[in-house]
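Chemist: Take this structure, written in structure tokens, and hold onto it; I'll ask about it next.
The values are calculated or read from the model by the stated rules, or taken from the named source; none is laboratory data. Remember, predicted model here, so these are calculated numbers, not experimental data. Reconstructed Cβ throughout: ideal geometry from the backbone, glycine too, with neighbour counts over all protein chains shown.
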Amino acid sequence: MRAILKTALLLVAALSLLSFVACGDDDDGGTTPPPAADPWIGQWLSAETNVAPLLVTLFNYDSVRVWINEDQTVRLDTHVDGGAWTTINGTYAVTESASGSVHSIELIYSAFEQGGIIEVTDGTPDTMKLEAVQTTPNIGAVPRTPTTGFGSDVALGTLNIQNYVREE
């Protein structure tokens, strides 16, 4: 009888220890928050002096609005001074750099593709810097990289840097 009682007590002790192991501080009751969205996700506006000088000179743009979505789609609206808005849709891919806040971006629209770099800075409001050049059809432009940095193209300098302010 003593052996049965001793075995039963050991079994109860072992089961109670297992219940302590099963419960931990990391148990959130199934309410794990969703992962934070990438910083470039959102609606961005570039207007007036924020529009890249190259876009003002070549296309007479006075505003550019871009929606970068979580599902890897992008919508680009451009506005010609005194004219109407034009919309094109496409997809994008961002390759995050191993260090730093400047990342590579590829934008694919039906008529052309672009490559370049993107950087988002937290603030009130957040700002985004984008320098992208047309890669297809090939016009001979070479996309900047996180290593080369913004404004590093000898021919373009800072003329092709687009500055945005987060709207949403």
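Chemist: Being closer than 19 Å to Gln162 by Cα, surrounded by fewer than 10 Cβ atoms within 10 Å (Cβ to Cβ) and of a type in the set (Gly, Ala, Ser) narrows it down to one of Gly115, Gly42, Gly123, so name that one. Give the derivation first.
Modeler: On the way: Gly115 fails: surrounded by fewer than 10 Cβ atoms within 10 Å (Cβ to Cβ); Gly42 fails: surrounded by fewer than 10 Cβ atoms within 10 Å (Cβ to Cβ).
Exactly one residue qualifies, and that residue is Gly123.
Chemist: If you go through the range 96-119, how many residues are hydrophobic (A, V, I, L, M, F, W, C), out of contact with any His (no Cβ under 9 Å at 6 or more places or on another chain) and over 21 Å from Thr86 (Cα atoms)?
Modeler: Qualifying residue count for the region: 3.
Chemist: Could you list, ordered by first residue, the pairs with Cβ atoms under 7 Å in which the first is in the range 154-168 and closer than 9 Å to Gln43 by Cα and the second is of a type in the set (Asp, Glu) and surrounded by 13 or more Cβ atoms within 10 Å (Cβ to Cβ), at least 6 apart or interchain?
Modeler: What qualifies is Arg166/Asp126.
Chemist: Evaluate the range 142-158: report whether one residue or more is at pLDDT 95 or above, crowded, with 16+ Cβ neighbours inside 10 Å, in contact with a strand residue (DSSP E or B) (Cβ under 7 Å, 6 or more places away or on another chain) and of a type in the set (Ser, Thr, Tyr).
Modeler: Yes, the range 142-158 contains a residue that is at pLDDT 95 or above, crowded, with 16+ Cβ neighbours inside 10 Å, in contact with a strand residue (DSSP E or B) (Cβ under 7 Å, 6 or more places away or on another chain) and of a type in the set (Ser, Thr, Tyr).
Chemist: Just checking, does the range 60-75 include any residue being farther than 17 Å from Pro39 by Cβ and in contact with a Leu (Cβ under 6 Å, 6 or more places away or on another chain)?
Modeler: For the range 60-75, residues farther than 17 Å from Pro39 by Cβ and in contact with a Leu (Cβ under 6 Å, 6 or more places away or on another chain): present.
Chemist: Return the residues of the range 132-152 that are within 22 Å of Glu96 (Cβ to Cβ) and either under 14 Å from the mean Cα position of the chain (by Cα) or part of a loop (DSSP other than H, G, I, E, B) (or both); say none if nothing qualifies. Break it down stepwise before answering.
Modeler: Within the range 132-152, the subset within 22 Å of Glu96 (Cβ to Cβ) is 132-133, 135, 142-152.
Those that are within 22 Å of Glu96 (Cβ to Cβ) and either under 14 Å from the mean Cα position of the chain (by Cα) or part of a loop (DSSP other than H, G, I, E, B) (or both): Val142, Pro143, Arg144, Thr145, Pro146, Thr147, Thr148, Gly149, Phe150, Gly151, Ser152.
Chemist: Checking the structure you have, find out if any residue of the range 79-90 is within 18 Å of the chain's Cα centre (by Cα) and surrounded by 16 or more Cβ atoms within 10 Å (Cβ to Cβ).
Modeler: Checked the range 79-90: at least one residue is within 18 Å of the chain's Cα centre (by Cα) and surrounded by 16 or more Cβ atoms within 10 Å (Cβ to Cβ).
Chemist: Does Arg75 satisfy being among the basic types (Lys, Arg), at pLDDT 95 or above and buried (at least 17 other Cβ atoms within 10 Å of the Cβ)?
Modeler: no
Chemist: Six or more apart or on different chains, Cβ atoms under 6 Å: show the pairs whose first residue is in the range 94-116 and free of Cβ contacts under 8 Å to residues at least 40 places away in the same chain and whose second is among the acidic types (Asp, Glu) and surrounded by 14 or more Cβ atoms within 10 Å (Cβ to Cβ).
Modeler: Partner pairs satisfying both residue conditions: Ser101/Glu119; Gly115/Glu106; Gly116/Glu131.
Chemist: Next question, about the same structure. Does Thr136 qualify as being surrounded by 11 or more Cβ atoms within 10 Å (Cβ to Cβ), at pLDDT below 95 and either β-branched (Val, Ile, Thr) or in contact with a His (Cβ under 7 Å, 6 or more places away or on another chain) (or both)?
Modeler: yes
Chemist: Further question on the same structure: For Val120, indicate whether it is over 22 Å from the mean Cα position of the chain (by Cα) and at negative phi.
Modeler: Values: over 22 Å from the mean Cα position of the chain (by Cα): no; at negative phi: yes.
It is false that Val120 is over 22 Å from the mean Cα position of the chain (by Cα) and at negative phi.
Chemist: Taking the condition of being within 15 Å of Gln43 (Cα to Cα) and among the acidic types (Asp, Glu), how many residues in the range 116-153 meet it?
Modeler: Residues that pass the stated criteria total 3.
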